[in-house]
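Below is one structure, written out as structure tokens, with a few remarks after it.
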Amino acid sequence: MGEPQLYGLMMDDYPLSLTTLVERAELLAPGRKVVYRRPDCAVHRTTLGDCAKRARRLASALTELGIEEGDRVGTLMWNQPEHLEAYYALPAMGAVVHTLNPRLHPDELAFIAGDAEDRAIIVDESLLPVLDSFKAAHDFEHVILVSHSGETPDATIDYESLLNNTSDPAEWLEPHERRAAAICYTSGTTGRPKGVLYSHRALVLHSMGAALPDAMNISARDVVLPVVPMFHANAWGIPYTATMMGAAMVLPGPHLDAESVLDLLADEHVTLTAGVPTVWMAMLKAIEAEPDRWDLSELHRLLVGGSAVPKSMIEGYQKHGLTIVQGWGMTETSPLASTSIVPPELDDAEDDEKFEYRARQGTPAPFVDIRARGEGGELIPWDDQAMGELEVRGPWVAAAYFGGSGAEKFTDDGWFQTGDVVKIDQHGSIRITDRAKDLVKSGGEWISSVDMENLLMGHPAVAEAAVIAIPDDKWDERPMAVVVLKQGVEVSPDDLRRHLSSHFAKWQLPERVEYIDEIPRTATGKFKKTALREQFVKSAV
């Protein structure tokens, strides 16, 4: 018996399967509420237990349709209970849930569905026009419709009828932690989107990491509203983390405007919410316009990620007693990889220093390793001065893309190259200075567009700002600022340059400032700098 003891084989080899998360909720938190809003704005209620029961019927019905272990099933839905049921049912029956982003171009959707070889798709009735725009390019064997009108078009299967007409609810497959559970496709990459195939093990470990106090800090006492869509990087893992902990969930459906979200936050006594900065910019504007309209006293944490959070926005929410926690991650990191929680060493620091820290992307989650390489390939020191491309590895970080594309992003020693250019301080706190493709290199020196954007958005007249590189005969590239002003306010380019001069040298300041009504966004809500380059770079040449 010496050798088994030496290698720890006396411990139970318990499988880390998503099935166990769903079964735990069924057993320990079946009555926890799930509130959801339909496209017609009506608010409905169910429970975690009922969603789990319906997920078992969904699994049984899909099996009867011929869906087998390893098959990919697409979803084209909002944050709604049927989507949660698919999150539960498909991995537990051995299939793979594939969330499709309805905001993508039809050509991209057709490519993604074809690349994943989706056999079936579950679609909300409000998104049928999106499905119609690309389904001719990919032959789904089954189209399952979540109908709100009671109508079921030809060649579709009604979701409720499917569940009601199935045989006994399914017994889940024997759990296996290495089995594929979900697949998401990257956005904003060069070339075609790339698939990231998640295992049960990765998503369970991610759920455990996300629930920790210095991450999302989700417990059974929480009421969680994910504004981030369930078709965007697994809604940052929130559906699985909340299920694991037995937290109540509020699902906003397609209604992500500021007033709709604020109404739900107040009415349902939400304690934790999550979304991209553009959502919170609009919400802050609404709160400032009517500060007494919504009671948000129970909301203790706003998780913000997807792009850098301006310090001014963190300060703006704090004035209303609301705490923003910035996180960083990617589709390839499941996605949570770091969070910016003020460390105990700064407990007695001035507020401004704490705000500066919270505007960083923070320290890596347990089990996520980080390093960064400079232009010459050397590892940069953690001195918060040197810049390099961030590399990560860990149990919920991708080791390859689905189908083998993009192999150049993965190093021989097992690290993923993120494309984010960062500085790292002596405590391991990350500060993203740019995407590698968005850095401005002027006269051989790097200028951070992210830092410049955040400072611009701290100006009282500026609602949004993006900075891009434009060609320059003398300096190779120069930064150009694209600015959206707040309603009824004016500010000159010289005033903006004076504002920037508090943190940027004179040679770094943008000579050109353009004012526009709205900054174009990607399908995941980030600023679409490619569109700005197309619009402005030609006129600069």
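Among the residues in the range 391-404, are any more than 22 Å from residue 205 (Cα to Cα), surrounded by 19 or more Cβ atoms within 10 Å (Cβ to Cβ) and not assigned by TED's automatic domain parsing to the domain that holds residue 178? So far as the range 391-404 goes, no, none of its residues is more than 22 Å from residue 205 (Cα to Cα), surrounded by 19 or more Cβ atoms within 10 Å (Cβ to Cβ) and not assigned by TED's automatic domain parsing to the domain that holds residue 178. Applying the set (1) assigned to a helix (DSSP H, G or I); (2) under 23 Å from residue 403 (Cβ atoms) to residue 121 leaves exactly one unmet item: (1).
Among the residues making up the range 360-381, those that are within 23 Å of residue 306 (Cβ to Cβ) and outside any strand (DSSP E or B) are 360, 361, 365, 366, 367, 368. Within the option set 481, 463, being part of a strand (DSSP E or B), crowded, with 23+ Cβ neighbours inside 10 Å, modelled with pLDDT of 90 or more and of a type in the set (Gly, Ala, Ser) holds for one residue only, 481. Candidates are the residues of the range 403-433 that are hydroxyl-bearing (Ser, Thr, Tyr) and under 23 Å from the mean Cα position of the chain (by Cα); the one that is farthest from residue 447 (Cα to Cα) is 405. Show me the helices (runs of 4 or more DSSP H) entirely contained within the range 1-111 in which 2 or more residues are acidic (Asp, Glu). Those helices (runs of 4 or more DSSP H) span 18-28, 48-64, 81-92. Those helices (runs of 4 or more DSSP H) of the range 224-294 in which 2 or more residues are in contact with a helix residue (DSSP H, G or I) (Cβ under 8 Å, 6 or more places away or on another chain) and at pLDDT below 95 occupy 277-289.
For the range 530-541, the count of residues that are touching a Leu at 6+ places or on another chain (Cβ under 9 Å), touching a residue at least 24 places away in the same chain (Cβ under 8 Å) and not assigned by TED's automatic domain parsing to the domain that holds residue 187 is zero. On the basis of being closer than 19 Å to residue 212 by Cβ and either buried (at least 20 other Cβ atoms within 10 Å of the Cβ) or at pLDDT 95 or above (or both), does residue 417 make the cut? No: the conditions fail for residue 417.
Only one of 521, 498, 533, 512 is among the basic types (Lys, Arg) and touching a Phe, Trp or Tyr at 6+ places or on another chain (Cβ under 7 Å); which? From the options 521, 498, 533, 512, the qualifying one is 521. Filtered by the rule that a residue be surrounded by 17 or more Cβ atoms within 10 Å (Cβ to Cβ) and either under 14 Å from residue 519 (Cα atoms) or not charged (D, E, K, R) (or both), the range 469-478 gives 469, 470. Listed by first and then second residue, the pairs linking a residue in the range 58-82 that is in contact (Cβ under 8 Å) with a residue 24 or more places away in the chain and on the phi > 0 side of the Ramachandran plot to a residue that is of a type outside the set (Ser, Thr, Tyr) and part of a loop (DSSP other than H, G, I, E, B), with Cβ atoms under 9 Å apart and 6 or more places separating them unless they lie on different chains, are 66/141; 70/94; 70/95; 70/179.
The values are calculated or read from the model by the stated rules, or taken from the named source; none is laboratory data. What you see is a predicted model; the values in this text were computed from it and never measured. Note: ideal-geometry Cβ built from the backbone for every residue, glycine included; neighbour counts use all protein chains shown.
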